[in-house]
1. How large a share of the accessible area of the chain, in percent, is made up of carbon and sulfur atoms when the probe is 1.4 Å and the other protein chains stay in place?
2. With every protein chain in place, what's the accessible area of residue 76 (1.4 Å probe, Å², nearest 10)?
3. Compute the FRET efficiency between residue 18 and residue 65 as 1/(1 + (r/R0)^6), taking r as their Cβ-Cβ distance and R0 = 30 Å, and round to the nearest 0.05.
4. In square angstrom, rounded to the nearest 10, how much accessible surface does residue 70 have for a 1.4 Å probe?
5. Using R₀ = 22 Å, calculate the FRET efficiency as 1/(1 + (r/R₀)^6) where r is the Cβ-Cβ separation of residue 158 and residue 209; round to 0.05.
6. Please compute the modelled spin-label separation between residue 201 and residue 108, points set 7 Å along Cα→Cβ, answer in nm with one decimal.
7. Gap in Å between the Cα centre of segment 34-59 and the Cα centre of segment 134-210?
8. Just the accessible area for residue 152, please: 1.4 Å probe, Å², rounded to the nearest 10?
Amino acid sequence: RQIPLHLDAEIPIIMHEAIESIGAGPLTTKVNNRKILEGFYSGLSISDTTNTIRIIDKLDKIGPDGVATMLSNDLELTPSIIEKVLTLATIKGSGNSVINQIRGLNVRSSILEEGINELEFVIQQLEKYKTGTFLVDLSIARGLAYYTGTVYESRFTEYPDFPTICGGGRYDNLVGDFVNKKLPGIGISIGLTRIFSKLMHEGKIQADRK
């Protein structure tokens, strides 16, 4: 059983509509696909792709130098491999531009190609929704190992330095681990307390401590 790929676009659109319906938007959502990361790293002959993704997920917290140090110390990757890993993570923008940049790095693997095709389809569907609302950002990794495809992170468009508001993605095997059968899913968690603080700050809602 497989969940159709078009739902990778429909779920974040529903999330955007929900946030905007309570006057908490606008949001900008960055999109990636874990298969691109895993396939790219495999194409570079990195054996521990899971921990490479986990380290790349720290990019916005510790910066490229910190990530490079961890990749070197923890995984013993060579400087040339680290440079390519970081180059991929700096790619961002609209769908067609990003796809061409990934292919221009001349790394090949079957799972990378699968991820590129999935991302291309999903971002085409998302870009029909509202221009500039959804952007591809290959630094978005979502460090938890259960993500298997499309991943998302959303922030307030007007407050880009505010922490992530929504995050999630596709997880084909997560639920099945608990019920002993395959139940793939796509999910996005929403940070209600962060939304609440923005609405309070802007005077859109009033509440006492109680």
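The values are calculated or read from the model by the stated rules, or taken from the named source; none is laboratory data. The model shown is predicted, which means the values in this text are computed figures rather than measured ones. Don't worry about glycine lacking a Cβ; one is built from the backbone with ideal geometry, like all the others, and counts go over all protein chains shown. Quick note on the areas: whole protein, heavy atoms, side chains included, nothing else; ligands and nucleic acids left out. Shrake-Rupley method; radii C 1.70, N 1.55, O 1.52, S 1.80 Å.
1. On the way: 5750 of 10950 Å².
In the chain, the share of accessible area belonging to carbon and sulfur is 53 percent.
2. Its accessible surface works out to 150 Å², give or take rounding.
3. On the way: r = 38 Å, r/R0 = 1.27.
Calculated value: 0.20.
4. Rounded to the nearest 10, that gives 50 Å².
5. Numbers: r = 26 Å, r/R0 = 1.20.
Rounded to the nearest 0.05, the efficiency is 0.25.
6. 4.9 nm
7. Each part's Cα centre sits 21 Å from the other's.
8. 0 Å²
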